[in-house]
Amino acid sequence: MSVQKKSAGFSSVELVVVILLLGIISTFILPRFTSRDGFAEYAIRDQFISAYRFAQQRAMYDHGGSCYSVNIDSNGFRPFQDGATFGSFEEVEFSGDYEGLSISSAVEIYFDGLGNAYTIDCGNTPVPNPLILTVNPGAVAIQIYPTGFIQ
């Protein structure tokens, strides 16, 4: 007749190892999935590029002489046509999910009929080569070239 020991539960070594693993996971891995670090900055960058291209394309297809621009201020940004908001593109505000974010400088970028980018009125002063905007915090860079290219 063989005698078998019945296991009553986990040993203390096994419990300590499990607690250590849970501590490591909760400290290093979970914050990567639950925080917004980096995601909001890239979302704002992508929305700015979308607003920029929207205004630029409208300027290229409008042969009526309207002046299109994208205005960045401390509250957010939006595309304009002759100084007024146009289309269904609403202002993207630095509030809610984007609370605490900003774009480095308040500037208005204008477009001519060829899609070139200007800093003062339509077709007057080209943007510097390149104009660098930064989404803060996080230092996500947006580069705008005089030819209208954005990256």
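Would you confirm whether or not segment 58-70 contains a residue that is surrounded by 14 or more Cβ atoms within 10 Å (Cβ to Cβ), in a helix (DSSP H, G or I) and out of contact with any strand residue (DSSP E or B) (no Cβ under 9 Å at 6 or more places or on another chain)? The answer is no; no qualifying residue exists. When CYS122 is tested against (1) closer than 16 Å to TYR61 by Cα; (2) within 22 Å of the chain's Cα centre (by Cα); (3) of a type outside the set (S, T, N, Q), exactly one condition is not met: (2).
Scanning segment 88-128 for residues that are farther than 19 Å from ALA40 by Cα, part of a loop (DSSP other than H, G, I, E, B) and without any contact (Cβ under 8 Å) to a residue 24 or more places away in the chain gives SER88, GLY123, ASN124, VAL127, PRO128.
Residues that are surrounded by 13 or more Cβ atoms within 10 Å (Cβ to Cβ) and either of a type outside the set (Phe, Trp, Tyr) or within 22 Å of VAL127 (Cβ to Cβ) (or both) within segment 95-109 comprise LEU101, SER102, ILE103, SER104, VAL107, GLU108, ILE109, listed in sequence order.
For the condition of a type in the set (A, V, I, L, M, F, W, C), at pLDDT below 85 and assigned to a helix (DSSP H, G or I), what is the one hit in ALA8, ALA55, ALA40? Write out each step before concluding.
Values: ALA8 fails: assigned to a helix (DSSP H, G or I); ALA55 fails: at pLDDT below 85.
Sole residue among the options that is of a type in the set (A, V, I, L, M, F, W, C), at pLDDT below 85 and assigned to a helix (DSSP H, G or I): ALA40.
The values are calculated or read from the model by the stated rules, or taken from the named source; none is laboratory data. Bear in mind the structure is a predicted one, so any value in this text is a computation, not a measurement. With ideal geometry, Cβ positions are generated from the backbone for all residues, glycine too; neighbour counts draw on all protein chains shown.
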